[in-house]
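Everything on this sheet refers to the single structure shown next.
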Amino acid sequence: MKQLKNSDENREAIAGSGLKVTKARLKVLELFRSSRRPMSATEVAKQMPGGLADQATVFRIVQSFVAKGLLKEVNLRHGHADYEIADGEDHHHLVCLKCGLVEDFSGCEAEKMMKGILKRCPSFKTVREHAFEFFGVCKACAS
Ligand SMILES: [Zn+2]
Ligand SMILES: [Zn+2]
Ligand SMILES: [Zn+2]
């Protein structure tokens, strides 16, 4: 039941963005929605059922989703871009510098910083987005 609802949501999201709904696009969006951490396009391609889409197609789908605002790119210093669903609430990532573990957290103070940022950057009228990630060492790697 729940799965059915999710796939309808994905279908609507893709159609609503102006892209044609295809099996491959649906599957890519589904994989991102069920993932609890950001993924690279290569990781997604590996999880695609055989024959549905090759790696180049998955890369193009991911790029078109980013362009349409369905996915956003995050830089976790994994040596490649990672992506995640863009419609979630504002959150950031703490990344382990040793093993690459990623944990999400919300409650960033960016909104509070906006005014001060504009004061310090007089050429700018508005701030629209922000991106920052945090890097540390996880408990498993620290012990
Ligand atoms: Zn670690
Ligand atoms: Zn995230
Ligand atoms: Zn934030």
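Read-outs throughout are calculated quantities, based only on the coordinates presented, and are distinct from any laboratory measurement. Being a predicted model, the structure only gives us computed values, none of them experimental. Glycine gets a Cβ as well: all are built from the backbone with ideal geometry, and neighbour counts include every protein chain shown.
A few remarks follow.
- With θ taken as phi - 60° and the Karplus curve 6.51 cos²θ - 1.76 cosθ + 1.60 applied, the whole-hertz 3J(HN,Hα) list for the range 33-40 is 5, 8, 7, 9, 9, x, 10, 7 Hz, x standing for glycine and proline.
- Among the trypsin sites (Lys or Arg not before Pro) in the range 1-87, those placed in a DSSP loop whose Cβ has at most 16 other Cβ atoms within 10 Å are 20, 36, 68, 77.
- Per-residue 3J(HN,Hα) values for the range 100-107, derived from phi via the Karplus relation 6.51 cos²θ - 1.76 cosθ + 1.60 with θ = phi - 60°, read x, 3, 10, 10, 7, 9, 10, x Hz in sequence order (x marks Gly and Pro).
- Shape of the range 18-70, Cα gyration tensor, a/c cut at 1.5: rounded
- Shape of the chain, Cα gyration tensor, a/c cut at 1.5: oblate
- Estimated purely from DSSP H runs of n ≥ 4, each contributing -39500 (n - 2.57), the mean residue ellipticity at 222 nm for the chain is -13000 deg cm²/dmol once divided by its residues.
- Amide H within-cut-off set for residue 74, under 5 Å, with H built and near neighbours excluded: 82, 83, 84
- Residue-by-residue Karplus 3J(HN,Hα) for the range 54-68, coefficients 6.51, -1.76, 1.60, Hz, glycine and proline x: 7, 4, 4, 5, 4, 4, 5, 4, 4, 4, 5, 5, 5, 4, 8
- Pairs of lysine residues in the chain - Cα separation under 20 Å, sequence separation of 8 or more or cross-chain: 16
- Cleavage-rule hits (chymotrypsin sites (Phe, Trp or Tyr not before Pro)) in the range 72-143: DSSP loop, at most 14 neighbouring Cβ within 10 angstrom: 124, 132
- Low-density loop cleavage sites - GluC sites (Glu not before Pro) in the range 39-91, where at most 15 other Cβ are within 10 Å (DSSP): 89
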